[in-house]
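The values are calculated or read from the model by the stated rules, or taken from the named source; none is laboratory data. Given the structure is predicted, the values throughout are model-derived calculations rather than measurements. In this analysis, Cβ positions are derived from the backbone assuming ideal geometry, glycine residues included, and neighbour counts consider all displayed protein chains.
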């Protein structure tokens, strides 16, 4: 009896409908399960008219105009091959979308479809979720078929083995003689057999009740005997093979049918009760999910009264297959620094086996093998590739991934990135290293500080503002000193005084009648210390935080001085605070500092490893920045490289015109190797991890997962990173020299240049003053210029005034 079979007799036949459905209705359970998982679109595959009938019931169960999901695709299949061909077509149309398949077919076909799906490299694994309708999950699923755990499978179970009637039946079933009772001795029963058992019990119970009520119903009418001779308690015979096309019901069939509908007992499939439509009610379906080794995990219960009721799934760690201790596991790997390298043998020593290798992954493999107690053999991958889809090779994948698919290796321990595409065909453990895509560029040459690097603590704008402030303060100080009467003072010029000293040599500061006064007679004179030159001298002295022999006496002049002193205090303090950093740090000016800088220019080209995980990241990225970078790279095919070494070499030889997009661990390692001319800039573009790969369903996966987590928690993985990346660095960072903060001559050369220039300027000005003064005195004394210069020279050397013929050259009028 197919589940949910329609009635045997149609209403148009004119007879009562005697059909009773032992199988419960499932279409409402399917609807509620799909809603629970939140599926918006489903794919419905069926193999018979019954499946089409159930699809119609699903449509009827949805609310018109308010459907929580849609039946996106419907396909009738005849065999497994037809189903796989249809799924491959869907895969080609949209490979990366999630696909939810409701599979309505017999148990054997459903098993074949699932196993063939997992073993088909062209079909995704993690993107598919099967919902098996009917009683497929109650059938026996072979635990040795590990592929069942590689895909998402949900279904319904009708038999609850924890119930007492089921336990008693299975116990008695195991004790029966298998010779007399074929099939006995098993520890399980299929749903088909359980329904048949319950149907027989129901018939026996119904007939017993009927016979107890009508004892004469057990004597049928004897054929060939006239009706008048028949006993009164004998009914008419029932002809099961009528000659006409009409179905002749038994005269007591209606009564037997009523007894059957009134059945109420506990069967193997649960409580046996029927409603007015002769269908099961008050029954329970167990929603289960398939795990590794065909283990079922109950996630919910569905009843015809309460509907879908999720429960806390008891995900008990299932006992995985025991790891073979005596087996030597083949570990495929990739020769790549510093993860796996060939060890240089000592003189006169030959390395064999795993001793030929060294590196981060070699040490990691040793630690894992030690914890698991297994033996392994390292085998570099033959084609030198990590693994990508390749229809030209067996299994559809090349590299290490292909070797795992073809079962040529048991493990893959290398710097292989965990990606969704690879996860579809192999299993990955927890990541043993976190990483991201980074940018490698050629390290720019450190710029030596310029001659005037001492000016760098303040910007050019600030220096210009300081100069204008200095000039403005000097002018304001000169003006307020002129207008303020407190800056003027009266002085007396004695006969022997030097008139040039009056008013600091400014004739305008002298008394108007002073020029007419006799040099030998005392004359009063008005003097002001803050001439224009003196005002600038005062402002410069205050700015340089040096003293000055004059100070303002007026209130206005002192206000100008105070605000100028406060201004210079802040400027000089800020300058001093930044001066040390600018003089001691040799800065590197990098043309590229982030992915945004790369995308916004075309002068510096950038690329990545062809057909690698980074290449795939940019190709599939939906982020506008990374899509723009992919368009740039894809339009210039020459920016892609075939190996990491090729990309690193290109960075070093490009003179800063090429950036390589590479995983951050590799970037960090290369930056620590000679010639130490590369560097990492910016943050990582994404976040991912390196993981250990195993074939689908391998018993090693869970063991290695626990081992990796243990190593991470104990800090062993961090020690391995320090050992192979930083402890073996070939690039000295000069930490000791940096700590002393020593200044070289190039740091302060500008100061010496200014000092020398100032001294030379002072000598030149002194020479000009010497010539000018000699010319002035020669004109006054009416003597030759040469004589005046000789007299001034003797004065410079002897330190005394030259006296010639009773004349003092500098005092004669």
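Annotation: of all residues in segment 97-122 being outside any helix (DSSP H, G or I) and free of Cβ contacts under 8 Å to residues at least 40 places away in the same chain, the one that is surrounded by the most Cβ atoms within 10 Å (Cβ to Cβ) is 120. With respect to the conditions (1) in contact with a helix residue (DSSP H, G or I) (Cβ under 6 Å, 6 or more places away or on another chain); (2) farther than 30 Å from residue 168 by Cβ; (3) modelled with pLDDT of 60 or more, residue 250 lacks only one, and its number is (1).
With respect to residue 84, determine if the residue is closer than 30 Å to residue 617 by Cα, modelled with pLDDT of 85 or more, out of contact with any strand residue (DSSP E or B) (no Cβ under 8 Å at 6 or more places or on another chain) and crowded, with 17+ Cβ neighbours inside 10 Å. Spelling it out, residue 84 is indeed closer than 30 Å to residue 617 by Cα, modelled with pLDDT of 85 or more, out of contact with any strand residue (DSSP E or B) (no Cβ under 8 Å at 6 or more places or on another chain) and crowded, with 17+ Cβ neighbours inside 10 Å. Given the criteria out of contact with any helix residue (DSSP H, G or I) (no Cβ under 6 Å at 6 or more places or on another chain), at pLDDT below 80 and under 30 Å from residue 390 (Cα atoms), does residue 140 qualify? For residue 140, the condition - out of contact with any helix residue (DSSP H, G or I) (no Cβ under 6 Å at 6 or more places or on another chain), at pLDDT below 80 and under 30 Å from residue 390 (Cα atoms) - is not met. The set of residues from segment 328-356 being in a strand (DSSP E or B) and within 23 Å of residue 407 (Cβ to Cβ) comprises 328, 329, 330, 331, 332, 333, 340.
Within segment 406-417, the set of residues being modelled with pLDDT of 90 or more and more than 19 Å from residue 362 (Cα to Cα) comprises 408 only.
The rows are residues; the columns are (1) modelled with pLDDT under 85; (2) not in a strand (DSSP E or B).
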{"residue": "260", "(1), (2)": "yes, yes"}
{"residue": "288", "(1), (2)": "no, no"}
{"residue": "297", "(1), (2)": "yes, no"}
{"residue": "308", "(1), (2)": "no, no"}
{"residue": "314", "(1), (2)": "yes, yes"}
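Scanning segment 21-66 for residues that are at negative phi, under 44 Å from the mean Cα position of the chain (by Cα) and in a loop (DSSP other than H, G, I, E, B) turns up 26, 39, 40, 47, 62, 63, 64, 66.
So residue 171 passes all but one of these: (1) at pLDDT 60 or above; (2) surrounded by 12 or more Cβ atoms within 10 Å (Cβ to Cβ). Which condition number does it fail? Condition (2) is where residue 171 drops out.
Taken as a whole, the condition of being over 30 Å from residue 393 (Cβ atoms), touching a helix residue (DSSP H, G or I) at 6+ places or on another chain (Cβ under 8 Å) and at pLDDT 90 or above does not apply to residue 491. Residue 480 meets all of the listed conditions (1) within 18 Å of residue 565 (Cα to Cα); (2) at pLDDT 90 or above; (3) in contact with a helix residue (DSSP H, G or I) (Cβ under 7 Å, 6 or more places away or on another chain) but one, namely (2). For residue 548, the requirement of being over 60 Å from the mean Cα position of the chain (by Cα), under 30 Å from residue 466 (Cα atoms) and either in a strand (DSSP E or B) or modelled with pLDDT under 85 (or both) is met.
Looking across 365, 369, one residue alone is touching a strand residue (DSSP E or B) at 6+ places or on another chain (Cβ under 7 Å), surrounded by 20 or more Cβ atoms within 10 Å (Cβ to Cβ), assigned by TED's automatic domain parsing to the domain that holds residue 724 and closer than 20 Å to residue 703 by Cβ. It is 365.
Against the conditions (1) assigned by TED's automatic domain parsing to the domain that holds residue 614; (2) within 20 Å of the chain's Cα centre (by Cα), residue 635 satisfies every one except (2). The combined condition, being assigned by TED's automatic domain parsing to the domain that holds residue 679, in a helix (DSSP H, G or I), surrounded by 13 or more Cβ atoms within 10 Å (Cβ to Cβ) and under 18 Å from the mean Cα position of the chain (by Cα), is not fulfilled by residue 598. Consider segment 654-675 and keep the residues that are in contact with a helix residue (DSSP H, G or I) (Cβ under 9 Å, 6 or more places away or on another chain) and closer than 23 Å to residue 602 by Cβ. The one that is surrounded by the fewest Cβ atoms within 10 Å (Cβ to Cβ) is 658.
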